[in-house]
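Colleague: Just dropping this structure here.
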Amino acid sequence: MSVTAIASPKGGVGKTTLALNLGYALARRGWPYLVVDADPLGGIGYSLAPHLENRLGLTDVAAGRCQLSAALLKTKIPGFAVLPFGSGSGAELNAGRLSDVFFQVGRLGFHILVDTPAGLSGLTAEVLAASDFLVSPIQAEPLALRMLPRLLATLAGLNRQGRAPRLAALVPVMVQSRVSSSVAVLQEMFRLFPPGTVLETYIPRDPAFLEASGHGVPLAQLRARPPAVAAVFDHLAAELEPLLALASAEESDEPIPILD
Amino acid sequence: MLIVEDEQVLLWSLERALEALPGVETICCGSVEAALAHLVELRPGVIVLDIHLPGLSGIDLLEDLAVQGAGVPVIVTTAYRAQHEQALRRFPNVEVLEKPVPLELLRERIQARLARRDRVDREEEEKDAVFEVADYLQLAAMTRASVAVEVTLADGRRGRIEVWHGEAWTAECGELAARDALGELIFAARTGMRMRQLARPTGERRFHHRLELLLLEAAKDHDEAPAAPRAAPVEAAASPSAAEDFERCFRNGLRAYLERHLEEAERLFCRCLELRPDEPRVHHNLARIRQTRSPA
């Protein structure tokens, strides 16, 4: 079992969208994934189940108000589940309690993706301290680049305490491939970071995200023939798989024949 | 420059013709295997490559370079251009010349390639850096990356720090090596910096501590070096607790600076100044912090 935090120094970059769609894509590739909503604004809970107010969730399990099984939302997708934020305020959550909840989730056979609040202090820092990996969406705009040293400083602080997750990848998001300044930032990211840190897969700016969010579904479930941008998350999942140490000893790495 | 060619007579004539180029040092190999061994240590500005070679082919070497993301320009010389046209099209930064290649043409193309590479290097290095050298090293450690951070100092010296799978491996800067070089490359004024992927470390491991600790030690070394001739602190002699206060503030200030908590670092160093107004290390650090916060 591994815990991957989705966190970013900047708000509004699509962390919730990334967590939900990436979790879905990883589950479709055969890795059981639970998306945990650690954002008090409850993006994932509201997105998937807007009619369920004060639903039990992470804060309730962490504070011992309910069992994990009572709070966990199973989906129709095999191996894909969600743990909403819950009825608490977030004050119940610290790295120790989060680790306890994650341990319980691991016993159910799930890997974990955690959606965090905007910024890197407070609750996000607690989530990072309880995580194995960090995937950070970085908006393809100049301001986002200038904020990256904040991310680094937070990780360095955690590292000093021996609690930093491994920075698995930076994912360029909201990329506008026809806007030269957006492409320039993308190129700058490739230049700045160690090779392999910035993923080849980028998430474009696309109105389909709003539509999917409005319906409370991952992009691939938006309609029977999902929009082209939904395939981006399959690409992303495949690229992240080795970076998140997802490997199965039993699986064969040989080509699979298409004829009997 | 690296020349990979298995015909000995041609190799010698190429070596003689090309080593006369100004500022170019030539290394000759008869096979891709020998070239790969050299590439561990060398970072050639250009490679002149034959395709048909004993053992691995020139295409294999191009694939290896592409995997490493080396970005080194390659001039392929082949008598079978049409046969390899499609395979060669996959590789960027490759120019194909058909054998027999007139030496004058080869010299001209090599010089053009080297000039272009120098220009790109200079332009990239001159861009404003978002991170300090210490930041780059921490990034490499956090991502378990294998990289070489190349630094050009303001006095013209060039240095290199290697990180292998996130562990600090070696550092060199002119005649300095290991810890001395690390401190110099992190703290001396620089004009350029770039990070390259590292296929393999170029030498024996020289560091055996976590990068965080090495950075802290480098900061201490650097700050204590110019402090040798300073006057004995009167306040410290008069009051041991003031001396302890100073050391604690100074140590925490360094730590805050390394973690880029610049406001906190500035506050702590200002407190140090209250305790020892003439302490050059503190003045030096405050100047650095203020320069970082407002480079203009």
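The values are calculated or read from the model by the stated rules, or taken from the named source; none is laboratory data. None of the values given here were measured: they were computed from a predicted structure. Because the Cβ atoms are built from the backbone with ideal geometry, glycine has one as well, and the counts that use them run over all protein chains shown. Accessible surface areas use protein heavy atoms only, side chains included; no ligands, DNA or RNA. Shrake-Rupley method; radii C 1.70, N 1.55, O 1.52, S 1.80 Å.
Colleague: At most 15 other Cβ atoms within 10 Å and a DSSP loop assignment: could you name the trypsin sites (Lys or Arg not before Pro) in the range A:1-43 that fit? Intermediate values should be presented prior to the final figure.
Modeller: Details: sites: A:LYS10, A:LYS15, A:ARG28, A:ARG29; in loops: A:LYS10, A:ARG29.
Those satisfying the criteria are A:ARG29.
Colleague: Hey, another quick one. Which translational diffusion coefficient, to the nearest whole µm²/s, is obtained for the protein assembly as shown from the Stokes-Einstein equation, given a Kirkwood hydrodynamic radius over C-alpha pairs, 20 °C and 1.002 mPa s? Kindly include the intermediate steps, with their values, before the conclusion.
Modeller: Working: Rh = 26.7 Å.
Estimated diffusion coefficient is 80 µm²/s.
Colleague: Among the DSSP beta bridges whose two residues both lie in the protein assembly as shown, what percent are antiparallel, rounded to the nearest 5? Present the calculation step by step, with values, prior to reporting the outcome.
Modeller: Numbers: 23 of 63 bridges.
If we restrict to bridges inside the protein assembly as shown, about 35 percent are antiparallel.
Colleague: Which value, in Å², gives the accessible area per residue of the protein assembly as shown when a 1.4 Å probe is used on the protein heavy atoms? Provide the component values of the computation, followed by the final result.
Modeller: Details: 26760 Å² over 556 residues.
Here the residues of the protein assembly as shown average 48 Å² of exposed surface.
Colleague: Among A:GLY96, A:GLY88, A:GLY79, determine the one that fluctuates most according to a GNM of chain A built with springs between C-alpha atoms less than 10 Å apart.
Modeller: Of A:GLY96, A:GLY88, A:GLY79, the Gaussian network model singles out A:GLY96 as fluctuating most.
Colleague: So how do B:THR78, A:THR16 rank on accessible area, 1.4 Å probe, biggest first, that is with the largest at the start? Don't jump to the answer; show the numbers that get you there.
Modeller: Numbers: B:THR78 0, A:THR16 40 Å².
Per-residue accessible area, sorted high to low, gives A:THR16, B:THR78.
Colleague: With +1 on each Lys and Arg Cβ and -1 on each Asp and Glu Cβ, and nothing else charged, work out how big the dipole of chain B is about its Cα centre, in Debye to the nearest 20.
Modeller: Approximately 520 debye in magnitude.
Colleague: Another question about this same structure. Where the only charges are on Cβ atoms (+1 Lys, Arg; -1 Asp, Glu), what is the dipole of chain A about its Cα centre, to the nearest 20 debye?
Modeller: Numbers: 20 positive and 22 negative charges, 126 e Å.
The dipole of chain A has a size of about 600 debye.
Colleague: Over the range A:39-192, what is the relative contact order in percent, taking alpha-carbon pairs closer than 8 angstrom and at least six residues apart?
Modeller: Numbers: 192 pairs, mean separation 27.9, N = 154.
Across the range A:39-192, relative contact order equals 18 percent.
Colleague: Along the charge dipole of the range B:151-226, pointing to its positive end and built from +1/-1 on Cβ of Lys, Arg, Asp and Glu, which listed residue (B:GLY159, B:ALA188, B:HIS222) has its Cα farthest out?
Modeller: B:GLY159
Colleague: Additional query: Quick query: amide H of B:VAL76 versus all other amide H atoms, modeled in the peptide plane; which residues come in under 5 Å with a sequence gap of 5 or more or a different chain?
Modeller: B:LEU49, B:GLU95, B:VAL96, B:LEU97
Colleague: Take chain B, connect every pair of alpha-carbon atoms lying under 10 Å apart with a spring to form a Gaussian network, then pick out the residue of B:GLY45, B:GLY166, B:GLY23 with the largest mean-square fluctuation.
Modeller: B:GLY23
Colleague: To the nearest 20 Debye, how big is the dipole of the range B:172-222 about its Cα centre, given +1 on the beta carbon of each Lys and Arg and -1 on that of each Asp and Glu? Working shown, then result.
Modeller: Numbers: 9 positive and 8 negative charges, 63 e Å.
For the range B:172-222, the charge dipole is close to 300 debye.
Colleague: Compute the Cα gyration tensor for the range A:151-260, then decide on rounded, prolate or oblate, letting a ≥ b ≥ c be the square roots of its eigenvalues: rounded whenever a/c is under 1.5, prolate when a/b is larger than b/c in the other cases, and oblate in all that remain.
Modeller: On the way: a/c = 1.73, a/b = 1.12, b/c = 1.54.
Since a/c reaches 1.5 but b/c is at least a/b, the shape of the range A:151-260 is classed as oblate.
Colleague: Counting only helical runs of four or more DSSP H residues, what would the 222 nm mean residue ellipticity of chain A come to if each run contributes -39,500 (n - 2.57) and the total is spread over all its residues?
Modeller: Values: 11 runs with 103 residues, N = 260.
Counting only the DSSP helices, I get -11500 deg cm²/dmol.
Colleague: Still on this structure, please answer the following. Quick check: convex hull of the Cα atoms in chain B, volume per residue, rounded to a whole Å³? Let's see the in-between values first.
Modeller: On the way: hull volume 43.8 nm³, N = 296.
Given the Cα convex hull of chain B, per-residue volume reads 148 Å³.
Colleague: Taking θ = phi - 60°, what integer Hz values does the Karplus form 6.51 cos²θ - 1.76 cosθ + 1.60 yield along the range B:210-220, in sequence order, with x for Gly and Pro?
Modeller: With coefficients 6.51, -1.76 and 1.60, one gets 5, 4, 3, 5, 4, 5, 5, 5, 4, 5, 5 Hz.
Colleague: Just want to confirm a number: the relative contact order over the range A:1-76, from Cα pairs under 8 angstrom separated by 6+ residues, in percent.
Modeller: Computed value for the range A:1-76: 16 percent relative contact order.
Colleague: A follow-up question, please. Pick out, from A:ILE258, A:GLY216, A:ALA230, the residue whose Cα sits farthest towards the positive end of the charge dipole of the range A:160-260, with +1 on the Cβ of Lys and Arg and -1 on the Cβ of Asp and Glu.
Modeller: A:GLY216
Colleague: Compute the relative contact order of the range B:1-98 as a whole-number percentage, counting only Cα pairs closer than 8 Å that sit 6 or more residues apart in sequence. Please list the in-between numbers first.
Modeller: Working: 143 pairs, mean separation 25.0, N = 98.
Relative contact order of the range B:1-98: 26 percent.
Colleague: A further question follows. Rounded to the nearest 5, what % of DSSP beta bridges with both residues in chain B are antiparallel?
Modeller: Beta bridges within chain B, antiparallel portion: roughly 60 percent.
Colleague: Right, next: At 222 nm, what helix-only mean residue ellipticity would chain B give, in deg cm²/dmol to the nearest 500, using -39500 (n - 2.57) for each DSSP H run of four or more? Please list the in-between numbers first.
Modeller: Numbers: 12 runs with 150 residues, N = 296.
Only helices count here, giving -16000 deg cm²/dmol.
Colleague: Using 0.36 nm times the number of residues separating B:GLU204 and B:GLU19, minus their current alpha carbon distance, what extension gain do you get?
Modeller: Working: separation 185, 0.36 × 185 = 66.60 nm, distance 3.03 nm.
Net length gain for the segment: 63.6 nm.
Colleague: Heavy atoms of the protein only, probe of 1.4 Å, neighbouring chains included. What is the accessible area of B:CYS270 in Å², nearest 10?
Modeller: Counting only protein heavy atoms, the figure is 50 Å².
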